[in-house]
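The values are calculated or read from the model by the stated rules, or taken from the named source; none is laboratory data. If you're wondering where the values come from, they're calculated on a predicted model, not measured in any experiment. Here the Cβ positions follow ideal geometry from the backbone for every residue, glycine too, while neighbour counts run over all protein chains shown.
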Amino acid sequence: MKKTVAFSKNATNVFFHILTRCNLKCRHCYINKKQHGKNMLPIKTINAWLEVFAAKNKQANVIFLGGEPTLHPDLPEAVNKAKSLGYSSITIDTNGYLFHDILSKVSPDVIDYFSFSLDGATSKTNDMIRGKGSFDACIQGIKKAVLKGFSTSLIYTVSTMNIHELDNIAPLLKDLKIDRFFIQVIGIRGKSAESRQDKLQVSRNDWLKIVPDAAQKIARLGIVVTYPKVFLSLEEPFECAGLVADNYFIFPNGRVYRCPLCEDYPLHSLVFKDNLLAKTPRINENDLFTLNIPEGCVMNKLFQPENLSYAANERPKYKIACCMLKEEFRMTL
Ligand code: SF4
Ligand code: SF4
């Protein structure tokens, strides 16, 4: 069954980058150290910031991110803190190297998902994007996590470098006993923005021709598959998550964004000061969310407009959806 997943308007989602350091150098890495800092957040600060969001909403979800979050030696303590604060779900995103013996220091009762990143069905394609040896390391990491009883998801960031292998990844997902599969669309920020000439964004034709079918095929294996809608017809309604959802993208220098497309710019609407969330001066991302343009997402038009197309009368041929609007496939019995 396919459904469009509306933004969760009742839950608070905390995307918590606890450091920006990473052992890999992926070609499309979205981390921008000039904007996000190079520091590793002390555990006291992590705990204090977790408290802020737990107090805001009884239904809060946290995703620990980096860089590579398992490089943070105090990640297990942060996880336990989130649990004790009553977070509804706790996820760790990882490139699979699983540093500091993390699997032995956290429990499947506390972690909802270890979410692994792989960008190809073969080591050739994945390692060309993510670095030599990263395919095998990720596969080994998934196997170890499954063996220890953790639920796992896999994130595949689709670009022109790897869309040709999306359809081939189904058997691997099944063999690895992956529970959920997330297809992501490449964002033109961080390194992808620096190498804009490489044209990593997938065309609308290729996206629509390949992604929904591949998602359906994988869902038939009993895996829940989620992918961004990306393209809307001119008739379909457009909604900006920045106005209706409660998402926070937190970086170790204290910046807090509501929209991930803004992360290459000092447009964050919030900032941590003395461990309290403060509003930033205008103009910030909040002022842009309210702009109503025929192309749909305003940040897309500002920062990565190469995916837009116009008719002879200069009207857009379609709209770009909010990057957080998802389609979900799951098998029904
Ligand atoms: S694993 Fe993530 S943080 Fe590390 S280089 Fe790759 S994309 Fe960047
Ligand atoms: S991606 Fe676009 S639509 Fe979504 S929150 Fe950002 S500005 Fe709004």
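For Thr332, state whether it is in contact (Cβ under 8 Å) with a residue 60 or more places away in the chain and either of a type in the set (Val, Ile, Thr) or touching a His at 6+ places or on another chain (Cβ under 7 Å) (or both). Lay out the reasoning, then the answer.
On the way: in contact (Cβ under 8 Å) with a residue 60 or more places away in the chain: yes; either of a type in the set (Val, Ile, Thr) or touching a His at 6+ places or on another chain (Cβ under 7 Å) (or both): yes.
Taking the combined requirement at face value, the residue satisfies it.
In the stretch 88-102, what count of residues is obtained for those that are farther than 18 Å from Arg180 by Cβ, crowded, with 20+ Cβ neighbours inside 10 Å and not β-branched (Val, Ile, Thr)? Show your work before the answer.
Of the residues in the stretch 88-102, the ones farther than 18 Å from Arg180 by Cβ are 97-102.
Right, trim to crowded, with 20+ Cβ neighbours inside 10 Å and you get 98, 102.
Filter again for not β-branched (Val, Ile, Thr), leaving 98.
Total meeting the criteria: 1.
Does the stretch 250-286 hold any residues that are over 24 Å from Cys297 (Cβ atoms) and among the hydrophobic types (A, V, I, L, M, F, W, C), and which are they?
Answer for the stretch 250-286, where residues must be over 24 Å from Cys297 (Cβ atoms) and among the hydrophobic types (A, V, I, L, M, F, W, C): Phe272, Leu276, Leu277, Ala278.
Determine whether the stretch 249-261 contains at least one residue that is under 26 Å from Ser159 (Cα atoms) and either in contact with a Pro (Cβ under 9 Å, 6 or more places away or on another chain) or free of Cβ contacts under 8 Å to residues at least 12 places away in the same chain (or both).
Within the stretch 249-261 (the criterion being under 26 Å from Ser159 (Cα atoms) and either in contact with a Pro (Cβ under 9 Å, 6 or more places away or on another chain) or free of Cβ contacts under 8 Å to residues at least 12 places away in the same chain (or both)), the answer is yes, since at least one residue qualifies.
Scan Asp119, Asp127 and give me the residue that is acidic (Asp, Glu), surrounded by 19 or more Cβ atoms within 10 Å (Cβ to Cβ) and modelled with pLDDT of 95 or more. Steps first, answer last, please.
Numbers: Asp127 fails: surrounded by 19 or more Cβ atoms within 10 Å (Cβ to Cβ).
Only one candidate passes the filter, namely Asp119.
Which strands (runs of 3 or more DSSP E) does the stretch 221-294 wholly contain that include 2 or more residues that are closer than 19 Å to Thr20 by Cβ? Explain how you work it out, then say what you get.
Values: elements: 224-228, 246-250, 255-257, 270-273, 276-279.
So the answer is 246-250, 255-257, 270-273.
Please indicate, with yes or no, whether at least one residue in the stretch 248-256 is away from ligand 1 (no atom under 16 Å from the Cβ), among the β-branched types (Val, Ile, Thr) and under 17 Å from the mean Cα position of the chain (by Cα).
Filtering the stretch 248-256 for residues away from ligand 1 (no atom under 16 Å from the Cβ) gives 248, 254-256.
Keeping just the survivors that are among the β-branched types (Val, Ile, Thr) gives 256.
The next check asks that each one be under 17 Å from the mean Cα position of the chain (by Cα); those that pass are 256.
Looking for residues that are away from ligand 1 (no atom under 16 Å from the Cβ), among the β-branched types (Val, Ile, Thr) and under 17 Å from the mean Cα position of the chain (by Cα), one finds at least one in the stretch 248-256, hence yes.
Take the stretch 316-330 and flag every residue that is touching a Lys or Arg at 6+ places or on another chain (Cβ under 6 Å) and either within 13 Å of ligand 2 (Cβ to nearest atom) or in a loop (DSSP other than H, G, I, E, B) (or both). Full working, then the answer.
Step one: filter the stretch 316-330 for residues touching a Lys or Arg at 6+ places or on another chain (Cβ under 6 Å), giving 321, 325, 327-329.
Within the stretch 316-330, Ala321, Leu325 meet the criteria.
Which residue pairs have Cβ atoms closer than 8 Å, lie 6 or more positions apart in sequence or on different chains, and pair a first residue in the stretch 221-245 that is at positive phi and more than 16 Å from ligand 1 (Cβ to nearest atom) with a second residue that is of a type in the set (A, V, I, L, M) and modelled with pLDDT under 95?
That search, which allows pairs on different chains as well, returns Gly222/Met331; Val230/Val185.
Check Asn313 against each of (1) within 12 Å of ligand 2 (Cβ to nearest atom); (2) surrounded by fewer than 12 Cβ atoms within 10 Å (Cβ to Cβ); (3) polar (S, T, N, Q) and name the one condition it does not meet.
(1)
Within the bounds of the stretch 34-55, is there any residue that is assigned to a loop (DSSP other than H, G, I, E, B), modelled with pLDDT under 95, closer than 16 Å to Ile250 by Cα and not small (Gly, Ala, Ser)? Even if it seems obvious, please write down each step before you answer.
First, pick out the residues of the stretch 34-55 that are assigned to a loop (DSSP other than H, G, I, E, B): 37-42.
Next, from what is left, pick out any that are modelled with pLDDT under 95: 37-39.
Pick out the ones that are also closer than 16 Å to Ile250 by Cα and you get 37-39.
If we keep only those that are not small (Gly, Ala, Ser) as well, we get 38-39.
Yes, there is a match, as at least one residue in the stretch 34-55 is assigned to a loop (DSSP other than H, G, I, E, B), modelled with pLDDT under 95, closer than 16 Å to Ile250 by Cα and not small (Gly, Ala, Ser).
Return the residue satisfying two criteria in turn: it lies in the stretch 191-211 and is modelled with pLDDT of 85 or more and part of a loop (DSSP other than H, G, I, E, B), and of such residues it is surrounded by the fewest Cβ atoms within 10 Å (Cβ to Cβ).
Once the filter is applied, the top-ranked residue is Lys199.
Taking into account only those residues within the stretch 230-271 that are β-branched (Val, Ile, Thr) and closer than 20 Å to Ile283 by Cα, which is modelled with the lowest pLDDT? Step through it out loud before you land on a result.
Filtering the stretch 230-271 down to residues β-branched (Val, Ile, Thr) leaves 230, 244, 250, 256, 271.
Still in the list and also closer than 20 Å to Ile283 by Cα: 244, 250, 256, 271.
On the way: Val244: 94, Ile250: 98, Val256: 98, Val271: 98.
Among those residues, the one meeting the criterion is Val244.
Take the residues of the stretch 12-33 that are in a loop (DSSP other than H, G, I, E, B) and among the basic types (Lys, Arg): which is surrounded by the fewest Cβ atoms within 10 Å (Cβ to Cβ)? If you could, list the steps in order and put the result at the bottom.
We begin by selecting, within the stretch 12-33, every residue in a loop (DSSP other than H, G, I, E, B); these are 18-32.
Those still in the list that are among the basic types (Lys, Arg) too: 21, 25, 27.
Details: Arg21: 16, Lys25: 10, Arg27: 16.
My answer is Lys25.
For the subset of the stretch 280-310 comprising residues that are exposed (fewer than 11 other Cβ atoms within 10 Å of the Cβ) and over 19 Å from Glu236 (Cβ atoms), which member is nearest to ligand 2 (Cβ to nearest atom)?
Within the stretch 280-310, the match that is nearest to ligand 2 (Cβ to nearest atom) is Thr290.
Please enumerate the residues belonging to the stretch 5-50 that are farther than 23 Å from Ile90 by Cα and away from ligand 1 (no atom under 12 Å from the Cβ).
Passing the criteria: Lys34, Gln35, Gly37, Lys38.
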